Amino acid sequence: MNLSEMFTDDQIAILSCLGALTVCGLIAAVSYHLGPAGRTQRQQRREALQLQAKSPVSVGEREQRRAA
């Protein structure tokens with residue numbers, strides 16, 4: 001399949017730019033999740049879940065206490 005027969009030069013350039021942006025976005029997402037920011041976020045989420053599991057108060061009761 002020859003792309004130059006299907007698309008004009010401008011269309012190929014636009015598709016190439018969109019592809020490059022997509023690849024860069026994927027690399028940034030993977031880098032975030034594997035890097036220190038992603039680790040910190042996972043640790044905070046894990047600690048929050050542990051606190052919820054240890055707390056005998058239901059979510060509805062917590063919301064009522066906050067509202068009061």
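The values are calculated or read from the model by the stated rules, or taken from the named source; none is laboratory data. Not measured: the values here are computed from a predicted model. Reconstructed Cβ throughout: ideal geometry from the backbone, glycine too, with neighbour counts over all protein chains shown.
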statement: Scanning the range 41-52 residue by residue, those surrounded by 10 or more Cβ atoms within 10 Å (Cβ to Cβ) and not basic (Lys, Arg) turn out to be Gln41, Gln43, Gln44, Glu47, Ala48, Leu49, Gln50, Gln52
task: Starting from the range 28-40, keep only residues that are surrounded by 11 or more Cβ atoms within 10 Å (Cβ to Cβ), then list their pairs with residues that are at pLDDT 85 or above whose Cβ atoms are within a distance under 7 Å, requiring at least 6 positions of separation or different chains.
output: Gly38/Tyr32
message: I'm checking my understanding of the structure. Among residues of the range 1-36 that are under 16 Å from the mean Cα position of the chain (by Cα) and among the β-branched types (Val, Ile, Thr), which one is modelled with the lowest pLDDT?
response: Val30
